[in-house]
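Following: one structure in structure tokens, then a few remarks.
The values are calculated or read from the model by the stated rules, or taken from the named source; none is laboratory data. Here the structure is a predicted model, which means the values were calculated and not measured. Glycine gets a Cβ as well: all are built from the backbone with ideal geometry, and neighbour counts include every protein chain shown.
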Amino acid sequence: MWYFTVRQEELTNRQYRLLQEKAKLTEVELFNEPYNNLCLFEVEREDYSTFVDALDLEGLNYEVVNERPTREQLLDSMR
């Protein structure tokens, strides 16, 4: 599995739905200010390149890891 993280504020509703359709699982991690909410998309290994293409075509910034990040790791990435 691959786990893609995108800031929720950077996504339009259309982009969110597009990515949600391509992912196996979508989660939203909610954080209090001053941190941003994050969307975490879980993607099967065989769908990796298709998902990256969708992100790149939409011009979205993302981080990707092959192990699901913990909430603390997500928060640390914003500090």
Completion exercise
Only one of (1) of a type in the set (S, T, N, Q); (2) surrounded by 14 or more Cβ atoms within 10 Å (Cβ to Cβ); (3) more than 12 Å from the chain's Cα centre (by Cα) does not apply to Thr26, and that is (3)
Handout entry: Residues that are loosely packed, with under 15 Cβ neighbours inside 10 Å and either touching a Pro at 6+ places or on another chain (Cβ under 9 Å) or without any contact (Cβ under 8 Å) to a residue 60 or more places away in the chain (or both), drawn from the stretch 48-66
Key = Ser49, Thr50, Asp53, Asp56, Leu57, Gly59, Asn61, Glu63
Exercise for the section: Find the residue count for the stretch 24-79, including only residues that are in contact with a strand residue (DSSP E or B) (Cβ under 7 Å, 6 or more places away or on another chain) and of a type in the set (Phe, Trp, Tyr). Expected result: 4
Handout entry: Residues (among the polar types (S, T, N, Q) and over 14 Å from Thr50 (Cα atoms)) located in the stretch 1-35
Key = Thr5, Gln8, Thr12, Asn13, Gln15, Thr26, Asn32
Handout entry: Qualifying positions in the stretch 31-79 - out of contact with any Leu (no Cβ under 7 Å at 6 or more places or on another chain), at pLDDT 95 or above, farther than 12 Å from Arg7 by Cβ and among the hydrophobic types (A, V, I, L, M, F, W, C)
Key = Val43, Phe51, Val52, Leu55, Leu57, Val64, Val65
